[in-house]
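Notes to accompany the following structure.
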Ligand code: ADP
Ligand code: MG
């Protein structure tokens with residue numbers, strides 16, 4: 001199996017409820033290593049660009065508004081099959097469909113305020129990591 005990196009974001013609903021540590025414990029407990037991390041408040045431009053792939057979707061405007069409603073924690077997670085592993089630890093987009101024991105099942109407030117973002121492919125992970133981090137900020 002290959003060691004991969006994936007981009008994770010702890011979303012504003014989770015930072016607001018002081019869940020950064022609890023969510024990080026889920027990542028570390030699953031074997032994912034946090035090799036870069038920064039707390040920041042996204043601008044409209046940054047959030048809009050990050051979610052550009054969704055710009056034709058009906059929820060895009062609300063999503064950008066939500067993602068700029070408070071601080072986020074952007075992170076790079078590293079481990080065996082990190083992209084898929086993180087998606088498993090996160091759970092389904094809609095918490096109503098998320099499996100028991102996943103972050104979204106346990107913490108998400110709604111399909112929008114669902115506590116975490118995770119890259120959905122190795123190619124997107126590379127682009128999303130480069131969007132937020134330079135090479136020397138990632139310490140494996
Ligand atoms: P995921 O985050 O699981 O990869 P998507 O990439 O499909 O899900 O969507 C990006 C984000 O947009 C979701 O995490 C969620 O915050 C929001 N979102 C997705 N679908 C909806 C929806 N039907 N209504 C409101 N917000 C949504
Ligand atoms: Mg997605």
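Here are the numbers for this structure:
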item	result
Among the candidates 89, 74, 83, residue that is under 13 Å from the mean Cα position of the chain (by Cα), surrounded by 20 or more Cβ atoms within 10 Å (Cβ to Cβ), in a helix (DSSP H, G or I) and more than 14 Å from ligand 2 (Cβ to nearest atom)	89
Which listed residue, of 38, 87, is within 13 Å of residue 9 (Cβ to Cβ) and out of contact with any helix residue (DSSP H, G or I) (no Cβ under 6 Å at 6 or more places or on another chain)	38
Residue satisfying all of: in the range 103-132; farther than 21 Å from residue 41 by Cα and crowded, with 20+ Cβ neighbours inside 10 Å; nearest to ligand 2 (Cβ to nearest atom) among these	104
Within the range 1-25, tally of residues that are within 13 Å of the chain's Cα centre (by Cα) and over 23 Å from residue 68 (Cβ atoms)	1
Residue in the range 51-71 that is more than 15 Å from the chain's Cα centre (by Cα) and away from ligand 1 (no atom under 15 Å from the Cβ) present	no
Some residue of the range 96-113 being out of contact with any helix residue (DSSP H, G or I) (no Cβ under 8 Å at 6 or more places or on another chain) and in a loop (DSSP other than H, G, I, E, B)	yes
The range 12-37, residues that are surrounded by fewer than 17 Cβ atoms within 10 Å (Cβ to Cβ), closer than 16 Å to residue 88 by Cα and touching a strand residue (DSSP E or B) at 6+ places or on another chain (Cβ under 9 Å)	28, 30, 31, 33
Residues (more than 11 Å from ligand 1 (Cβ to nearest atom) and in contact with a strand residue (DSSP E or B) (Cβ under 8 Å, 6 or more places away or on another chain)) located in the range 108-125	122, 125
Selected residue [within 14 Å of ligand 2 (Cβ to nearest atom) and exposed (fewer than 13 other Cβ atoms within 10 Å of the Cβ)] from 50, 59	59
Filter result for residue 29 (away from ligand 1 (no atom under 15 Å from the Cβ), out of contact with any helix residue (DSSP H, G or I) (no Cβ under 7 Å at 6 or more places or on another chain) and at pLDDT 95 or above)	yes
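The values are calculated or read from the model by the stated rules, or taken from the named source; none is laboratory data. Given the structure is predicted, the values throughout are model-derived calculations rather than measurements. Please note: Cβ atoms are built from the backbone with ideal geometry, for glycine as well, and neighbour counts cover all protein chains shown.
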